[in-house]
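The values are calculated or read from the model by the stated rules, or taken from the named source; none is laboratory data. Not measured: the values here are computed from a predicted model. When we count neighbours, we look across all protein chains shown, and the Cβ atoms used for this are built from the backbone with ideal geometry, even at glycine. For accessibility, only protein heavy atoms count, side chains too; no ligands or nucleic acids. Shrake-Rupley method; radii C 1.70, N 1.55, O 1.52, S 1.80 Å.
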There are 2 protein chains.
Amino acid sequence: MSQPSLTATAAPLTEIWRGTLLESLHLGHAVVCNGAGEVVQGWGDPATLIYPRSSCKMLQALPLLTSGAAARYGLTSEQLALACASHNAARIHVDRVRDWLDQLDLGAGDLRCGAQMPRDTEVLHALIKSDDSPCQIHNNCSGKHAGFLTLAQHLGAGPDYVESDHPVQQACRAAFEDSTGEDSPTYGIDGCSAPNFACTVTGLARAMGRFASAHRRSGREDEAAVALRSAMAAHPELVAGEGRACTALMRDMGGKVAVKTGAEGVFVAILPEQELGIALKVVDGATRAAECAIAALLVRLGALDKNSPSAKAYLNAPITNWNGIHCGEMRPAAELLARA
Amino acid sequence: MSQPSLTATAAPLTEIWRGTLLESLHLGHAVVCNGAGEVVQGWGDPATLIYPRSSCKMLQALPLLTSGAAARYGLTSEQLALACASHNAARIHVDRVRDWLDQLDLGAGDLRCGAQMPRDTEVLHALIKSDDSPCQIHNNCSGKHAGFLTLAQHLGAGPDYVESDHPVQQACRAAFEDSTGEDSPTYGIDGCSAPNFACTVTGLARAMGRFASAHRRSGREDEAAVALRSAMAAHPELVAGEGRACTALMRDMGGKVAVKTGAEGVFVAILPEQELGIALKVVDGATRAAECAIAALLVRLGALDKNSPSAKAYLNAPITNWNGIHCGEMRPAAELLARA
């Protein structure tokens, strides 16, 4: 399978300047959808097929709520935020996931995400100083996997919950296809070993638009969407951590907007006030470019103040060197900020 | 200043596959030049203006030799390799740079590259365990800067050797423009605070072609080029370090070829047997893509065995996850391997 559209019609999203020279350039595709799932604005080719990677964790968490598992286990808003998180494995994350597993009478060994060195400096250095190895709770996806284990237990299903034919993943696929409004043509194995279903950039933006407008509708799926987007926006520190774009952007938007990064240059946003959803994919997979582009679109749509700390950090990120000298900056492409 | 050519005519260089989907794609420009500085093959737009970043360290080291400084201070082949290095700050690097500074009656504080956390795991963990901070010797460019200090001392010039009007940088600029055959239109401040002069991809490949054919000519510059390329190829572990593409590729080519990475997706190669030079720039600045593309061109030109360990590691790098499961792979674009 080949996707010529991955670059053929990609649009400039993010520029890297050093001195007076455009040193590097990131192309991509970005789509804004309304609550009806219609494309409001697009850059590049909205029909490009992508893996949403971790940006779709709130879709993967839908069955946890619609199944009744979250209610049965009395999951808190913090736990729902962790189910949607790609966290730093700071103490606030690790402690809560361990408690969650305790609640299920399970342990780190029941996770299937694999061990990962923590991103959080304090926890990382503590591990290094004690010559210790990370465990699966340190994996940035351990909250999502605690959610998978909760659903598996609720369904009375087996322990290998990342297998594509496991009831948990079948439920995730159904929720994913329902939210994106597309049949997923394929899936890839994600960094945490769960299947990651492919969709178009439009499909991902459509799902975000539906999340953004879910409060206007009733039904289990819509209630679940409101609960998940609200949990993310209410606990920005649990969704990522200190120094991370998701956390900084959500903090600066005061609990009104949920955003989520995904590996290989994906970013999504859910804007309930505007009833709009955003999805974008940087063709080359660069996180720095996705962070800049989503900040630009949040400013464009009036959700993020362009003078807020996170806008300054991600919209026009200064490039400094080992001596702290300003060498250049990252900038969104003009088309992302220009009024339609 | 704007460079529409940065992507307008960029060619696919490196593909990222996951499952059956092309997940990400890297575009770029690549040029092969012969010893006469003529373009033999090109992909994308050879006239694109770029910063070579650390890929041009062997050009920045030329004045160290042509000035007579290297001979006066009795610099060894190891020191010349370090002058061209972006090293891991492993013990083999740090110890040699410290000795070099001792030789000059200088210390870490005389460097102007800034302090950088070491990339080498052993040295990094030792620093963390002792709650210590890195010093300027740990900066990946400290060998280049030891060379700058040697030249400054030889010239009797002042301590601020990274200023663009300092005799050391003026000599670097002259050597750079002479080697690339171009007047450099601008410079940026590099990560280590030294000026980094801009050139076209062709200019950079031309310089590498001249290095590759320098043994056919006589003169100070050509002797210096042979000494530097030979030092790099003879000490691959000093030019980068364990786990790095430069080191692995040069080891597998048995001392016959010198290669060098540069930040923001630049890679160069000097092939004396073929009397060819290569320069490439990945438009989005991704190192992974530059590593794959240079490996592909080295295989294409008969310098690297496609079954060697480094070819397997960089030409078709497997993408594995936290459980060690094979999720996909990196591949060079077909055009890079196809016969002309």
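Could you list the trypsin sites (Lys or Arg not before Pro) in the stretch A:200-245 that lie in coil according to DSSP, counting only those with at most 14 other Cβ atoms within 10 Å of their Cβ? Before the final figure, lay out the partial values.
Values: sites: A:R206, A:R210, A:R216, A:R217, A:R220, A:R229, A:R244; in loops: A:R217, A:R244.
Answer in residue order: A:R217.
Calculate, for B:E163 and A:R216, the FRET efficiency according to 1/(1 + (r/R0)^6) with r their C-beta to C-beta distance and R0 45 Å; round to the nearest 0.05.
Working: r = 62 Å, r/R0 = 1.37.
Approximately 0.15, to the nearest 0.05.
How much accessible surface area, in Å² rounded to 10, belongs to the heavy atoms of B:V40 with a 1.4 Å probe?
Approximately 80 Å² for this residue.
Using a ≥ b ≥ c from the Cα gyration tensor of the stretch A:5-125 (square roots of the eigenvalues), is it rounded, prolate or oblate, where a/c under 1.5 gives rounded and otherwise the larger of a/b and b/c decides, a/b for prolate?
Working: a/c = 3.03, a/b = 1.56, b/c = 1.94.
Judged from the Cα gyration tensor, the stretch A:5-125 comes out oblate (a/c at least 1.5, b/c at or above a/b).
Give a residue-ordered list of calculated ³J(HN,Hα) values for the stretch B:56-68 (Karplus: 6.51 cos²θ - 1.76 cosθ + 1.60, θ = phi - 60°; whole Hz; x for Gly, Pro).
Values, residue by residue: 9, 4, 5, 6, 5, 8, 4, x, 4, 8, 5, 6, x Hz.
Return the calculated 222 nm mean residue ellipticity for the protein assembly as shown, to the nearest 500 deg cm²/dmol, obtained by summing -39500 (n - 2.57) across DSSP H runs with n ≥ 4 and dividing by the residue count.
Numbers: 31 runs with 268 residues, N = 680.
Computed mean residue ellipticity for the protein assembly as shown: -11000 deg cm²/dmol.
First compute the accessible area of the stretch A:1-90 with a 1.4 Å probe, then give the percent of it belonging to carbon and sulfur atoms.
The C+S portion of the solvent-accessible surface of the stretch A:1-90 is 56 percent.
Between B:E38 and A:H326, how many nm apart are label points set 7 Å from Cα along the C-beta direction?
The answer from the label model is 4.8 nm.
So the label point sits 7 Å from Cα along the Cα-to-Cβ vector; using that for B:S77, what distances do you get to the other copies, in nanometres, sorted shortest first?
6.8
Only Cα pairs within less than 10 Å get springs; with that Gaussian network setup on chain B, which residue of B:H166, B:H326, B:H93 has the largest fluctuation?
Maximum fluctuation in the GNM of chain B, among the listed residues, is at B:H326.
Which chain B residue comes nearest the axis with its C-beta when you rotate B onto A, and by how many angstrom?
That would be B:D284, 2.
Could you pull the copy-to-copy label distances for B:H125, with points set 7 Å along Cα to Cβ, in nm to one decimal and sorted shortest first?
Taking the point 7 Å beyond Cα along Cα→Cβ, the inter-copy spacings are 1.7 nm.
Suppose all protein chains stay in the model; what accessible area per residue would a 1.4 Å probe give for the stretch B:50-281, in Å²?
On the way: 7610 Å² over 232 residues.
With all protein chains present, the stretch B:50-281 gives 33 Å² per residue.
Checking the a/c ratio against 1.5 first, then a/b against b/c, what shape does the Cα gyration tensor give for chain B? Kindly include the intermediate steps, with their values, before the conclusion.
Details: a/c = 1.67, a/b = 1.25, b/c = 1.33.
In terms of gyration-tensor shape, oblate.
Here are some pairs, A:K144/B:K129; A:K260/B:K260; B:K256/B:K306; A:K281/B:K281; A:K260/A:K312; A:K306/B:K281; which of them have Cα atoms lying more than 25 Å apart in this structure? Before the final figure, lay out each step's value.
Details: A:K144/B:K129 32 Å; A:K260/B:K260 36 Å; B:K256/B:K306 16 Å; A:K281/B:K281 22 Å; A:K260/A:K312 19 Å; A:K306/B:K281 32 Å.
Pairs exceeding the cut-off: A:K144/B:K129; A:K260/B:K260; A:K306/B:K281.
For the stretch B:199-306, which GluC sites (Glu not before Pro) are both in a DSSP coil and crowded by at most 14 other Cβ atoms within 10 Å?
Working: sites: B:E221, B:E223, B:E237, B:E242, B:E264, B:E273, B:E275, B:E291; in loops: B:E242, B:E264, B:E273, B:E275.
In loop regions of the stretch B:199-306 (DSSP not H, G, I, E or B), the sparsely surrounded GluC sites (Glu not before Pro) are B:E242, B:E273.
Top mean-square fluctuation among A:V257, A:V39, A:V282, Gaussian network model of chain A, C-alpha springs under 10 Å?
A:V39
Using a 1.4 angstrom probe with every protein chain in place, what is the largest-first accessible-area order of B:D102, A:D131, A:D222? Don't skip to the end; give the middle numbers.
Details: B:D102 95, A:D131 115, A:D222 30 Å².
Correct descending sequence by accessible area is A:D131, B:D102, A:D222.
With chain B treated as a Gaussian network of Cα nodes joined by springs under 10 Å, which of B:P195, B:P185, B:P309 yields the largest mean-square fluctuation?
So, out of B:P195, B:P185, B:P309, the one fluctuating most is B:P185.
Within 10 Å of each Cβ in peptide B:125-137, how many partner chain Cβ atoms are there on average? Round it to a whole number, please.
Values: counts 4, 1, 1, 7, 5, 1, 2, 0, 0, 1, 0, 2, 0.
Going residue by residue through B:125-137 and averaging, the value is 2.
Which of the cysteines found in chain B have nothing to pair with, since no other Cys Cβ lies under 4.7 Å from theirs?
Lacking a cysteine Cβ partner under 4.7 Å: B:C33, B:C56, B:C84, B:C135, B:C172, B:C199, B:C246, B:C292, B:C327.
Can you list which of the GluC sites (Glu not before Pro) found in the stretch B:16-105 are DSSP loop residues with at most 15 other C-beta atoms within 10 Å? Could the numbers behind the result be given before it?
Details: sites: B:E23, B:E38, B:E78; in loops: B:E38.
In loop regions of the stretch B:16-105 (DSSP not H, G, I, E or B), the sparsely surrounded GluC sites (Glu not before Pro) are B:E38.
Label position 7 Å from Cα toward Cβ: report the copy-to-copy distances for B:G254 in nm, one decimal, ordered from shortest.
The answer, with the shortest distance listed first, is 7.0 nm.
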